[in-house]
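Novice: Below you will find the structure I want to go over with you.
The values are calculated or read from the model by the stated rules, or taken from the named source; none is laboratory data. This structure is a prediction, so every number in the text was calculated from the model and none was measured. For neighbour counting, all protein chains shown are included, and Cβ atoms are generated from backbone atoms with ideal geometry for every residue, glycine included.
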């Protein structure tokens, strides 16, 4: 059962959000017995429960590296990375994902959140040019906008701290 299906079932049955971990702990068997015990003894939040599952998957080398790469990039850019480098890496991670996962709503939300949070000036430029949607296309041109701005401005645009993007981009 996929996480989205589990969450939908919990919403439909009317379970309170804070009870979700206890409600599904019986599903964690086999390799996930530790998660089951964790849910019963620590009363974790739902994100903590998901993190525990991901840790088990990571320890057994069963996480999908394309998804991991996009999650790592979403966290934040490296301190010495330009906006263009960050966005290019994010786009590459996106294209390494399986195509069925690329079209999911969660991925679209991640792209939008990442552009708005870590490349706000680029996002504003995309919106002004009516290139913000569809989001996968916005991501594919976002790094070029940041790169052009860097060349024109002569400085590196640092995510969330950029002073401006020239209007002629």
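Novice: On the given criteria, is residue 16 in contact with a helix residue (DSSP H, G or I) (Cβ under 7 Å, 6 or more places away or on another chain) and modelled with pLDDT of 80 or more?
Specialist: Here the answer is no, as residue 16 does not meet what is asked.
Novice: Of (1) modelled with pLDDT under 80; (2) exposed (fewer than 13 other Cβ atoms within 10 Å of the Cβ); (3) part of a helix (DSSP H, G or I), residue 26 satisfies all except one. Which?
Specialist: For residue 26, the exception is condition (1).
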